[in-house]
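Working notes for the structure below.
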Amino acid sequence: MTTDDKMICPMCRVEMNHHSDKLVYTTDSQTVRMGETLGEYLEEFHTCPKCGGVASRHAA
Amino acid sequence: MDASRPLFIPVILGTARMGRMSLHAARLVTREVGKRAGVETELIDITQLPLPTEDAGEAIKDPGYSSKVERADALIIVAPEYNHGYSGLLKHVLDSCLKEYIHKAVGIVGVSAGPFGGARMIQNLLPVMRELGLVTIFWDVNFSSVQKVFDKDGKLLDEAFIGRMDKFLKELIWMAKTLRQGREQIPRG
């Protein structure tokens, strides 16, 4: 499941477009959260329609 | 989408080998990209990136490389063939970012001293591009027998490459524009 809250571009203060999700595998114990037993998590990718800046976050 | 914002298409030179002829190819590609209206470019030489080797992946992200790739709408990778593959240093650099690549176009230019023009390197690099979220185009440029294509000072000896690059760049720029529209305006399904 991904997050419904829009990300806001830190530069332009406008809503970013959530255009992609990717399953990411990690061996980093700091990144893996409870319930992510195989070390995978879903990452969301967002782009600012004004400046083109990108951002990502773990899906909820 | 802000159509007045120029496309940014940097060229990544993916080899650290001494005496690399790929440098001539990368400079030529950079010049040709820079001639396109509404397109800005820059040559990124992977030997100049201060990436450590005691770790890997996004843990060693270089802010300079990251910001250039974030700004980019497409990438051009110019690389020679190392034992049918690409250089380990190129992979080390590519692996240092992820979000910066997603839904951006990439074109690959292969270089070789032999007859295949880096074709095997390109084939091996394609699955890496896919996993990084980059979108490959179906045109490549292949500099085979590169020692005959450029003189020792980097002067192009075979003008046919200008026409080949034109087709490659037209496709890449179309893909870059289309994907910018998608990244900025079209939500995932």
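Please treat every number below as a calculation from the coordinates, not as lab data. Please read these numbers as outputs of a predicted model, since none were measured by experiment. Positions of Cβ are generated from backbone atoms using ideal geometry, with glycine treated the same way; all protein chains shown enter the neighbour counts.
Residue exposure proxy: A:Thr47, B:Thr53, B:Thr15, A:Thr26, ordered by other Cβ atoms within 10 angstrom of their Cβ from fewest to most, comes out as B:Thr53, A:Thr26, B:Thr15, A:Thr47.
Phi angles across the stretch B:91-102 convert, under the Karplus curve 6.51 cos²θ - 1.76 cosθ + 1.60 with θ = phi - 60°, into 3J(HN,Hα) values of 5, 4, 5, 4, 5, 7, 9, 9, 4, 5, 9, 4 Hz, Gly and Pro given as x. Residues B:Glu131, B:Glu100, A:Glu43, arranged from fewest to most other Cβ atoms within 10 angstrom of their Cβ, appear as B:Glu131, A:Glu43, B:Glu100. The length gained by stretching the chain between B:Thr53 and B:Ser144 to full extension, at 0.36 nm per residue less their Cα-Cα distance, is 29.6 nm. Go ahead and run the numbers for FRET between B:Arg164 and B:Arg188, Cβ-Cβ distance against an R0 of 35 Å, rounding to 0.05. Once rounded, the FRET efficiency stands at 0.50.
The dipole here belongs to the stretch B:8-110: it is taken about the Cα centre, uses +1 on the Cβ of Lys and Arg and -1 on the Cβ of Asp and Glu, and is about 400 debye.
If R0 is taken as 45 Å, the Cβ-Cβ distance between A:Ala59 and B:Lys35 corresponds to a FRET efficiency of 0.60. Computed from backbone phi with θ = phi - 60° and the Karplus coefficients 6.51, -1.76 and 1.60, the 3J(HN,Hα) list for the stretch B:110-122 is x, 10, 8, 7, x, x, 9, x, x, 4, 6, 4, 4 Hz; x is used for glycine and proline. Placing unit charges on each Cβ (+1 for Lys and Arg, -1 for Asp and Glu) gives the protein assembly as shown a dipole about its Cα centre, and among A:Ala60, B:Met18, B:Pro187 the Cα reaching farthest toward its positive end belongs to B:Met18. Inverting the pair-averaged 1/r between distinct Cα atoms of chain B gives 16.7 Å as its Kirkwood hydrodynamic radius.
Computed over neighbours whose Cβ is under 10 Å from that of B:Leu179, the net charge equals +2, Lys and Arg +1, Asp and Glu -1. Students often get this wrong, so check it: of B:Lys68/B:Lys148; B:Lys61/B:Lys148; A:Lys22/B:Lys177; B:Lys148/B:Lys177; A:Lys6/B:Lys167, which have C-alpha atoms separated by over 30 Å? Where the Cα-Cα span goes over 30 Å, the pairs concerned are B:Lys68/B:Lys148; B:Lys61/B:Lys148; B:Lys148/B:Lys177; A:Lys6/B:Lys167.
Placing +1 on the Cβ of every Lys and Arg and -1 on the Cβ of every Asp and Glu, with nothing else charged, gives the protein assembly as shown a dipole about its Cα centre of roughly 740 debye. Shape of the stretch B:80-147 from its Cα gyration tensor (a ≥ b ≥ c, root eigenvalues): rounded if a/c is under 1.5, otherwise prolate when a/b > b/c, or oblate? Verdict is prolate for the stretch B:80-147. Each 5 Å bin from zero holds the following percent of Cα-Cα pairs in the stretch B:115-173: 4, 16, 20, 23, 19, 11, 6, 1. This model, with +1 at the C-beta of Lys and Arg and -1 at the C-beta of Asp and Glu, gives chain B a dipole about its Cα centre of some 400 debye. In the stretch B:83-189, a dipole from Cβ-located charges (positive for Lys and Arg, negative for Asp and Glu) runs towards its positive end, and of B:Gln123, B:Ser145, B:Tyr101 it is B:Tyr101 whose Cα lies farthest in that direction.
The Rg/Rh ratio of the protein assembly as shown, with Rg taken over Cα atoms and Rh as the Kirkwood radius over Cα pairs, comes to 0.99.
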